[in-house]
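One structure is given here, and the rest of the page talks about it.
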Amino acid sequence: MKQVLVIANPAASRGGALRALEKVQRHIRQYQDCCNFDFMITVNPNHATDLAKAHAKDYDLVVAFGGDGTVNEVAQGLVGGNTPLAVIPFGTGNDYARSAGIPLGLDPALELACTGTYTPCDVGFVNGRYFVNAVGIGFDGRANYEAEQIRWLRGPMVILLAIFRTMWNWDAVPMTLTIDNQTISKSTYLIGIGNGPFIGGGLQLTPEARIDNGILHVCHVEDISPFKIIANFSKLKTGTIDKLSEVALYTGSTVVIESEQPMPVHVDGEVLGLDVHKLDLRILPSALQVIRNPV
């Protein structure tokens, strides 16, 4: 019988995950003939990483139940090991689930976790920590910070409100971007680094990124007006934002970003800092086993 550890973040989705967890615990009964489940609840930031590191060797599978931040924390404890990761997404953005082909619904995600097969997937590494989906710098990092301040909404509306708030309070700053041996120095509105294609609840800055192709995808946006962003917002949904003259897409295995001015940065939807001055990123191919559907 498969031994399964579920690491759950009750604070995900503005606390809604705690109620949803009760539903998951009821629905696992239909899989009890093939899986034995244990649940561990996080109580503070990075607790999920500690739990995964301490207990992964005792289980055949570790399931992250929560949002992208929870998935990131669990992955921190599993990278380089043999225990695969599964995800039951219940957060604000759930972008890693989208990137990995994991259903967003509780029931189909639980079924995939219990009956699916795992494949090796890539992981990014930035300033001493792993990321599984994306890193956002500049506008994207600031918008993520704004989203964390909005406690009275849930779901995609949080992200949309944060984006519109940031539009009126963010200006491009000089950044130097080095991708492998290519260097670009320009006034920069945002840089998105994608292991996967999705960010911000289904928006696509790096539409060609795949979590198993062994390469980082980079979206560089030069100085651009808020009005042009609003007029072309649909291109973020369709993955055609590079049609704009201010946008360029690149690929590489290593990325370095520097600025004398403070850069707000998020890693998998969690604020890394608002005054970062240098980022070193690289891709780690096939570093994490993930139960997923083909994409």
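Coordinate-derived values only; no laboratory data. Everything quoted here is computed from the prediction, not taken from an experiment. Virtual Cβ from ideal backbone geometry, glycine too; neighbours counted across all protein chains shown.
Taking Lys and Arg as +1 and Asp and Glu as -1, the other residues whose beta-carbon sits under 15 Å from that of ASN36 total -2. Annotation: amide H-H contacts under 5 Å for PHE131 (H modelled 1.01 Å from N, sequence separation of 5 or more, or interchain): GLY124, PHE125, VAL126. Relative intensity of the range 76-232 on a log10 scale, I(q)/I(0) at q = 0.11, 0.18 Å⁻¹, equals -0.50, -1.21, per a Debye sum over C-alpha point scatterers of equal strength in the absence of solvent. Only Cα sites of the range 235-295 enter the Debye sum here, all with the same form factor; the resulting log10 I(q)/I(0) across q = 0.12, 0.26 1/Å is -0.51, -1.12, listed in q order. Cα centroids of the range 82-157 and the range 1-73: 14 Å apart. Helix 139-149 and the long axis of the chain differ in direction by around 50°, with both axes built from C-alpha atoms.
Rg/Rh, computed from the Cα trace of the range 2-116 with Rh as the Kirkwood radius, has the value 0.92. When its C-alpha radius of gyration is set against 2.2 N^0.38 Å (N residues), the chain gives a value of 0.97. Derived scalar couplings between HN and Hα for the range 212-220 equal 9, 9, x, 8, 8, 10, 10, 10, 10 Hz in order, rounded to whole Hz, by the Karplus curve 6.51 cos²θ - 1.76 cosθ + 1.60 (θ = phi - 60°), x for Gly and Pro.
Helical content of the chain, expressed as a calculated mean residue ellipticity at 222 nm, amounts to -8000 deg cm²/dmol (DSSP H runs of 4 or more residues, -39,500 (n - 2.57) each, divided by residue number, nearest 500). By the Cα gyration tensor, the range 79-168 has an equivalent ellipsoid whose semi-axes, rounded to whole angstrom, run 28, 19, 9 from largest to smallest. With distances taken between every two different alpha-carbon atoms, the range 160-271 has a Kirkwood hydrodynamic radius of 14.5 Å.
For the range 87-139, the mean projected area of the C-alpha convex hull, equal to one quarter of the hull surface, is 4.7 nm². Backbone phi angles across the range 222-235, fed through the Karplus curve with coefficients 6.51, -1.76 and 1.60 (θ = phi - 60°), yield HN-Hα couplings of 6, 3, 8, 7, x, 5, 5, 4, 4, 5, 10, 4, 4, 5 Hz in residue order; Gly and Pro are listed as x. Between the amide H of LEU272 and those of VAL265, HIS266, VAL267, distances stay under 5 Å, these residues lying 5 or more places away or on another chain, with hydrogens modeled in the peptide plane.
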